[in-house]
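Remarks on the structure that follows.
The values are calculated or read from the model by the stated rules, or taken from the named source; none is laboratory data. The model shown is predicted, which means the values in this text are computed figures rather than measured ones. Cβ atoms come from the backbone with ideal geometry, glycine included; neighbour counts cover every protein chain shown. When the accessible area is computed, the model is the full protein with side chains, heavy atoms only, and any ligands, DNA or RNA have been set aside. Shrake-Rupley method; radii C 1.70, N 1.55, O 1.52, S 1.80 Å.
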Amino acid sequence: MKTNLFSYNSILFTLIIILISTITIWKLPQTQNGYTHIGIAVYDMDDTFINDYVTKLQNKIDRSSFSGKKVLYEIFDAEGNANRQEHQLQYMYTQNFDALLINLVTPSSAASVLNETANHDIPVILFNREADKKDLSISKQTWYVGTAAKKAGAIQADMLQNVWNTDKINLDRNKNNKLDYILIEGEQTHFDAVRRTNGFLENSQNLPLNQLTNLSADWQRNLASVKFSKLDTSIIQSAEAIICNNDDMALGVYDYYKQHNLKLPLILGINNSPEMNQKIQAGEIYGTVDNGTNDQISYICKLLNDILNKDTAKYHKIWYSKPFAIEK
């Protein structure tokens, strides 16, 4: 009898311990529930502008809380490879992220990406590399944050116009009353490259432009320098201005002139990267366009917080920061 009673008490005691332990564990704060989980897909961290952009984004996220929670985030670097990014995104769709921030390698692939995120019911903020507007309508939980690429090109034209108006005597080196220039574009079919170029050309109608040549250098500094070096020497020597779709390519041109001890022409870029800004302040490069990166990052974080709070009715699908000129 005593043995049975002892066994009964042991079982009862064990059950009570299990019950207390379960209640205690249930009441403890859950690590996963204490954080918001964000996946960040980046087209290429070797891109100077993107590296600076993502670093600033990380710093902003680290100092913020979203919906009352701190953020855990993972960064996936596609290294400029569309297939690599596709594999990364397929993995990200399965990881229960609360939201995704995506900087597409190939903006023209946005439709397939956004169909996938819609199927997995994941909110998405595309940033920096703009997709076609109609693709953003695929999902109600999709937004784009960037700058007005065409406006950035138009600002380059304004800067060039100002120099022509105020310092034509020095800018027009060969005294032919024309502004002889070389255009260096990013990826040939990239929306941003096309819009920046169009913005420049459309806003420079009052300038006596004479395009000596143009080339595409895929946003890359080294490639711009290499391609520039293959131009006919007479073209290089005749160039009075070099208009570039971004700062890295502008710096590639700068590298070429420095390596060959040639007098620098007027050089314009877009992005206001730290090195570009330094060379502008030193008076070596004339100017660039700041895309309003800090404003973009602030907006992304504000939007992200409201996405998590399901309070996005006030947001438009597209938000552009205001680019502005940086001149020596």
Which of the residues spanning the stretch 195-219 are touching a residue at least 40 places away in the same chain (Cβ under 8 Å) and open to solvent by 50 Å² or more (accessible area, probe 1.4 Å)? ARG195, ASN198, LEU201, GLU202, ASN203, ASN206
Top-ranked residue in the stretch 91-115 [being closer than 18 Å to GLN141 by Cα and polar (S, T, N, Q); ranked as nearest to the chain's Cα centre (by Cα)]: ASN103
Only residues that are acidic (Asp, Glu) and open to solvent by 70 Å² or more (accessible area, probe 1.4 Å): list them for the stretch 159-194, please. none
Flag for SER298 being at pLDDT 95 or above and assigned by the TED database to the domain that holds GLN58: yes
Which pairs do you get when a residue that is in contact (Cβ under 8 Å) with a residue 24 or more places away in the chain and outside any loop (DSSP other than H, G, I, E, B), found in the stretch 171-182, comes within reach of a residue that is small (Gly, Ala, Ser) and surrounded by 13 or more Cβ atoms within 10 Å (Cβ to Cβ), reach meaning Cβ atoms under 7 angstrom, with the pair 6+ apart or on two chains? LEU179/ALA241; ASP180/SER238; ASP180/ALA239; TYR181/ALA239; TYR181/ALA241; ILE182/ALA239
Across the stretch 131-144, which residue is least open to solvent (accessible area, probe 1.4 Å) among those that are among the polar types (S, T, N, Q) and in a loop (DSSP other than H, G, I, E, B)? SER139
Taking the stretch 116-128 and keeping only residues that are open to solvent by 10 Å² or more (accessible area, probe 1.4 Å) and under 17 Å from the mean Cα position of the chain (by Cα), one is left with ASN128
Tell me which of these GLY199 doesn't satisfy, since it passes every other one: (1) touching a Phe, Trp or Tyr at 6+ places or on another chain (Cβ under 8 Å); (2) closer than 29 Å to ILE297 by Cβ. (1)
